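Worksheet for the structure shown next.
The values are calculated or read from the model by the stated rules, or taken from the named source; none is laboratory data. These numbers were taken from a predicted model, which means no experiment stands behind them. Here the Cβ is made from the backbone with ideal geometry for all residues, glycine too, and neighbour counts use every protein chain on show. Note: areas computed on protein heavy atoms with side chains; ligands, DNA, RNA excluded. Shrake-Rupley method; radii C 1.70, N 1.55, O 1.52, S 1.80 Å.
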Amino acid sequence: MNFKIGIDNYGLYPLHLDPMETLQWALQHGAEGVAFSGLDDDNRGKCTPAYLKKMSSFALDHDLYIEWGGGQHIPRDLQTGAPKSIGEINRRAAEEASLLGTRIIRSCSGGLMRWDPAFVPTRQLMDEMAEFLSGQIRMLNDYQVVLAIETHFELTTFELIRVFEQCGVQPGGPVGICLDTMNLLTMLEDPVAATRRILPWVVSTHIKDGGLRLTDRGLQSYPLPIGSGIVNLKEIITLLATLPHKVHLSIEDHGGLFDLPVFNPDFLKEFPDLTTRELVQLLQLVMQINSMPAQVSRLPLQREEWPKQCDTRITQDIVALKKLVGSLTVS
């Protein structure tokens, strides 16, 4: 399977690396590229045209891929619910991507909206997103870039497909998907089933393993080291290999966990596409992780512990993902 295996810069935030240092870290640790899903204000300020061209030259010299980030797709502040102007944010990201020589811009508006019953209804957010994306097509085409909307905590794959249909975009166009394999669990989707649903749209990835466990409130999802969780990465990568275009495998890893209060019927109403069959598949994943040998790596890592482990864990993730992909190539 002809994949390049790289990293997403999010997991390295605690190291306080600037973009050039992140590319150098990737090269030194065996990664084949970097997806810069986002930058803090200081590092964003460094991204002058000259600096971006320097990054591009370094990547070309060392055969590294670069994917960019900073895009958004829902024209609201997803913490407060207030309307938000994001067109200029995306135009800047597109200009930067063009200077870097990359087509991919990861887009994430951020937020756990449906966890708050007082928030703007999901259907309204979908309508606003469809209208916004319709107005972005010309700009994205002008810069020859693809806005890769992450499977994050905003919309399920069912809902993303409806939005794409609503604004008339097709696979292979200026709007696509950044497939985060573990976030699918948090949106109460079986990762393999969700990948099959959204597959034609996938143009970039966050390859992330994870766990799912029962609590007294419902379910809890969390990232785990590559190969130690219950996300069927072998099946997902096999599906990605069938795409007619090249997709890089960018590892994203971090600490933390997410509560999914599925025992609350009002919360479940926020996921109208969740079928009994897929809920059973999720419960089977809970049983699967419970049947694994008890090891620390099977347990969630608290966010405050991540800075101590990020360097080592992402290095190990690179090795593990290369081994996994290599086993698929052999078979």
- For region 63-77, in order, what is each residue's ³J(HN,Hα) by Karplus, 6.51 cos²θ - 1.76 cosθ + 1.60 with θ = phi - 60°, in whole Hz (x at glycine and Pro)? 6, 9, 8, 10, 10, 9, x, x, x, 9, 9, 10, x, 9, 6
- Task: Give, as a single signed number, the net charge of other residues whose beta carbon lies under 15 Å from the beta carbon of THR195, with Lys and Arg counted +1 and Asp and Glu -1.
- Result: -3
- Using the heavy atoms of the protein chains alone and a 1.4 angstrom probe, what is the accessible area of the chain per residue in square angstrom? 43
- Just add up the charged neighbours of THR312: K/R +1, D/E -1, any other residue whose Cβ is under 13 Å from the Cβ of THR312. -2
- Message: For a 20 Å ceiling on Cα separation, which of these pairs sit above it: LYS54/LYS323; LYS53/LYS322; LYS208/LYS323; LYS46/LYS84?
- Response: LYS54/LYS323; LYS53/LYS322; LYS46/LYS84
- Note on the structure: The ³J(HN,Hα) series, computed from each phi in region 35-40 with the Karplus coefficients 6.51, -1.76 and 1.60 at θ = phi - 60°, rounded to the nearest Hz and given as x for glycine or proline, is 9, 8, 6, x, 9, 6
- Compactness of the chain, expressed as Rg and Dmax over alpha-carbon positions, Å: 19.0, 55
- Task: Show that you can apply the helix-only estimate: for the chain, add -39,500 (n - 2.57) for every DSSP H stretch of four or more residues, divide by all residues, and state [θ] at 222 nm to the nearest 500.
- Result: -13000 deg cm²/dmol
- Message: Please report the spacing between the Cα centers of region 251-294 and region 167-237 in Å, no decimals.
- Response: 12
- Note on the structure: Cβ-Cβ cut-off under 15 Å around LEU214, Lys and Arg +1, Asp and Glu -1: the net charge is +1
- From phi via Karplus (6.51, -1.76, 1.60), per-residue ³J(HN,Hα) for region 91-106 in Hz, x at Gly/Pro: 4, 5, 4, 5, 5, 5, 4, 4, 5, 6, x, 10, 9, 9, 10, 6
